[in-house]
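See structure below.
The values are calculated or read from the model by the stated rules, or taken from the named source; none is laboratory data. The structure presented is a predicted model; accordingly, all values stated were derived computationally and were not measured. Note that we place each Cβ from the backbone using ideal geometry, even for glycine, and neighbour counts take in every protein chain shown. With ligands, DNA and RNA removed, areas are computed over all heavy atoms of the protein, side chains included. Shrake-Rupley method; radii C 1.70, N 1.55, O 1.52, S 1.80 Å.
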Amino acid sequence: MVRGGRVAVLCAAAVLVLAGCGQKAAQAKPAFESAEKLPERLAKDGTTILVGDPDARMTVHLYEDPRCPYCEEFETTGGSPKLREMVLDHRAKAEYTLASFLDDRLGGGGSKRAVNALRAALEKGKFVEFHKVLFDNQPEESDDGYTDAYLLELAGQVEGLGGPEFSAAVKSMKYRSFVTASEKAYEKAGGAKEPEGPGTPTAVINGKRIPMDYNSLLLNGTAFESLLQQISDKPWDWEATSL
């Protein structure tokens, strides 16, 4: 059953879309020059990838599988570009848990290879750039298209990422243990009700997950931006909601 507080916050995003409202909050720090300049690192848990200003007061934790077409929609035409703007402006920081369950459902190993390659890119400080390139060039979900050759080809679009070390990490699945641990972290996030994981993409904002009933917000850039702006302006309202 949907509670009133949740409706007030989530539906406010739709109101803002219709009204064209929502001013950006004042920026205490100069924006990062570009996505390539964003800080990125592996969290202490060994699976979460952290992007942006660690002092940003809004945290958006995303669960994604590289082969998921809805993740591709979120990343390219949905809410991700707006989130990226807020991360650049220090208004939010992003966290990523990378799943690979679609390999088991569809066959092949493309998700696992892509997650391994993303971890290798992080090691070179190129996660943000490579992550965008992967989703901009995502193969069809049913096509196990993230081959070693294709991943290395895409890496060529990211200045400073290619080279023998990265190539070896991709071909040898150097970060296989990270891939496995990340999938387990994704499954754990589903809790007892969703032992196979919460689905992708899923967003958890300041510790509260957007309910599945409202997940379409992730695919609507304007609505997602409005929701993020609401939470940024009045985080206490979001914290007070019962989800």
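Give the shape of the chain as rounded, prolate or oblate, defined through the alpha-carbon gyration tensor: a ≥ b ≥ c are the square roots of its eigenvalues, a/c under 1.5 means rounded, and otherwise the shape is prolate if a/b is larger than b/c and oblate if not.
Working: a/c = 1.94, a/b = 1.46, b/c = 1.32.
The shape class here is prolate.
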Summing Lys, Arg as +1 and Asp, Glu as -1, what charge do residues with Cβ under 11 Å from the Cβ of Pro139 carry, Pro139 excluded? -4
So for the chain, taking the charge dipole from beta-carbon charges (+1 Lys/Arg, -1 Asp/Glu), which of Ala92, Trp236, Phe32 sits furthest toward the positive end? Trp236
Heavy atoms of Glu140: accessible area, 1.4 Å probe, square angstrom to 10: 140 Å²
Aspartates and glutamates near Lys174 by alpha-carbon distance under 17 Å, same-chain residues fewer than 8 away left out - which ones? Glu123, Asp148, Glu165, Glu183
Work out the length of the dipole vector of the stretch 101-205 about its Cα centre, built from +1 on the beta-carbon of each Lys and Arg and -1 on the beta-carbon of each Asp and Glu, and round it to the nearest 20 debye. 460 debye
Give the aspartates and glutamates reachable from Lys188 as a straight Cα distance under 19 Å; neighbours fewer than 8 places away on the same chain don't count. Asp45, Glu64, Asp65, Glu95, Asp103, Asp104, Glu196
Report, by chain and number, residues whose modeled amide H sits under 5 Å from the one on Thr202, excluding near sequence neighbours (fewer than 5 apart, same chain). Tyr63
Between Lys37 and Ala240, what is 0.36 nm times their sequence separation minus the Cα-Cα distance? Round to one decimal in nm. 69.7 nm
In degrees, nearest 10, range 0 to 90: what is the angle between the Cα axis of helix 176-189 and the longest Cα principal axis of the chain? 30 degrees
Ranked by GNM mean-square fluctuation in the chain (Cα springs under 10 Å), the top entry among Leu227, Leu154, Leu134 is Leu154
Using +1 on the beta carbon of Lys and Arg, -1 on that of Asp and Glu, and nothing else charged, what's the dipole of the chain about the Cα centre, debye to 20? 800 debye
Given a 1.4 angstrom probe, I'd like the percentage of the accessible area of the stretch 68-213 that is carbon and sulfur, rounded to a whole number. 48 percent
Can you say what percent of the DSSP beta bridges in the chain, counting only those with both residues inside, are antiparallel? Round to 5. 65 percent
Hey, what's the chain come to in accessible area per residue, 1.4 Å probe, Å²? 47 Å²
Residue-ordered couplings for the stretch 78-95, obtained by feeding phi - 60° into the Karplus form 6.51 cos²θ - 1.76 cosθ + 1.60 and rounding to whole Hz (Gly and Pro as x), are x, x, 4, x, 5, 4, 4, 4, 6, 5, 4, 8, 6, 7, 8, 10, 10, 10
